[in-house]
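Input: a single structure, listed below in C-alpha cells.
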Amino acid sequence: MESLKLLITVTFPNYLRNLPIPDTLAGFGDLTGSDVLRIVPLVGALAAAVYLVVSAMKGKKDDQPKPPKVNFNCLDKDKDKIVDSFDVEDLGNKTCFCRCWRSKKFPYCDGSHNKHNEACCDNVGPLIIQKKEEKTS
Ligand code: FES
C-alpha cells in the first residue's frame, strides 16, 4: 500500500510536473523525439481511459431491454417484412384487418383481439374497411 501511496503522491505528480508540455499548439512541433516519448505514456493512458468510458457507456446502451416484438406469433418470419396488399375492388362490402397480430387468419381479424384485450387490459381492435352504404352506426 505504501508503494501505491508513493506512486500517487510523489512519482505521478513529478512525472506530470516534468512533462515537456509546450505553451502553444505550435510548440508541439518543436518537441524532440525524447520529449515526445515522455508524453506518450500520458496520451496512451488518457486514450485508454476515454476508450474504457465510451465502451462502458456503449455496453450499458446494449444492455437496455428491447421492446417486445409485435409479431410474437412469428408469422411469416422467413420474410424481411410482412406487407399485405389488396385491391380495394376485391375487398367486398366489408373487410376487417387484424391490428393485434394474434389472428389465426392474419391479416384478417378473427376476433382474437377480444381475448387479448381481456387478458392484458388492452383496447386494440381491427381496421374495418366497408362501403359507405354498409356502414353500421
Ligand atoms: S384478431 Fe387482431 S384485431 Fe382482431
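Results, tabulated for the structure shown:
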| read-out | value |
| --- | --- |
| For q = 0.16, 0.19, 0.24, 0.29 Å⁻¹, Debye-computed log10 I/I(0) when each Cα of the stretch 2-62 counts as one equal scatterer | -0.72, -0.85, -0.99, -1.13 |
| Test item: Cα-centred dipole of the stretch 15-64, Lys/Arg +1 and Asp/Glu -1 on Cβ, debye | 200 debye |
| Efficiency of FRET between residue 50 and residue 108 - r from beta-carbon atoms, R0 41 angstrom, step 0.05 | 0.15 |
| Fraction of accessible area attributable to carbon and sulfur, the chain (%, probe 1.4 Å) | 59 percent |
| Distance-filtered residues of the stretch 41-68 - backbone nitrogen under 18 Å, label point 7 angstrom along residue 21 Cα→Cβ | 41-50 |
| Burial order of peptide ranges 87-98, 105-116 (average beta-carbon count within 10 Å, highest first) | 105-116, 87-98 |
| When the stretch 56-137 is reduced to its Cα atoms, the Kirkwood hydrodynamic radius in Å | 15.4 Å |
| Equivalent ellipsoid semi-axes, the chain, via Cα gyration tensor eigenvalues times 5, rooted, Å | 70, 20, 13 |
| Positive-end extreme of charge dipole, the chain - chosen from 46, 20, 96 (charges on Cβ) | 96 |
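The values are calculated or read from the model by the stated rules, or taken from the named source; none is laboratory data. Predicted, not measured: the structure shown is a model, and the values here were computed from it. Glycine gets a Cβ as well: all are built from the backbone with ideal geometry, and neighbour counts include every protein chain shown. Only protein heavy atoms, including side chains, enter the accessible area calculation; ligands, DNA and RNA are left aside. Shrake-Rupley method; radii C 1.70, N 1.55, O 1.52, S 1.80 Å.
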